[in-house]
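One structure is given below, encoded as structure tokens.
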Amino acid sequence: MEQRPGSGEAMRRVGLGAGLAIGMGVGVALGAGLHNMGTGIALGLVIGAAVMVLFTWAGARMQRDEQRRRAEAGTGAEAETGAEAGTEAEPGGDPDQPSAGSRDDDA
């Protein structure tokens, strides 16, 4: 089953096309205004590259935020189910957690 891309990944993909389209549009307009199409398109592509970088940066930031929210939601759900069931986590159950295995069981 294919997963739907998150908004951060979608923004990164859209940024490439949007940057190119905006750059070419601005370039043609500048070229017509300057009466020099080559210079206008070159300047427009520089502007388009800047737009691509901004979209990519924003998309990467959104993607990190989405991953952080998913991780927090997963941790919160595990903590709630453990509290509802009335059971404690095993002392060495999850080695990825900073406190895993740091408890002394002298029972």
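The distance between label points at residue 29 and residue 67 comes to 3.6 nm (points 7 Å beyond Cα on the Cα→Cβ vector). Between residue 46 and residue 13, the distance separating the two model label sites (each 7 Å from Cα on the Cα→Cβ line) works out to 3.2 nm.
Karplus-based coupling profile of the range 15-30, in residue order and whole Hz: x, 5, x, 5, x, 5, 5, 5, x, 5, x, 5, x, 5, 5, 5, with θ = phi - 60° in 6.51 cos²θ - 1.76 cosθ + 1.60 and x standing for Gly or Pro. The mean sequence distance of close C-alpha pairs (under 8 Å, at least 6 residues apart), as a share of the length of the range 7-81, puts its relative contact order at 39 percent.
Read-outs: derived from the displayed coordinates by stated rules, not from any lab. For clarity, every value in this text was computed on a predicted model and none was experimentally measured. With ideal geometry, Cβ positions are generated from the backbone for all residues, glycine too; neighbour counts draw on all protein chains shown.
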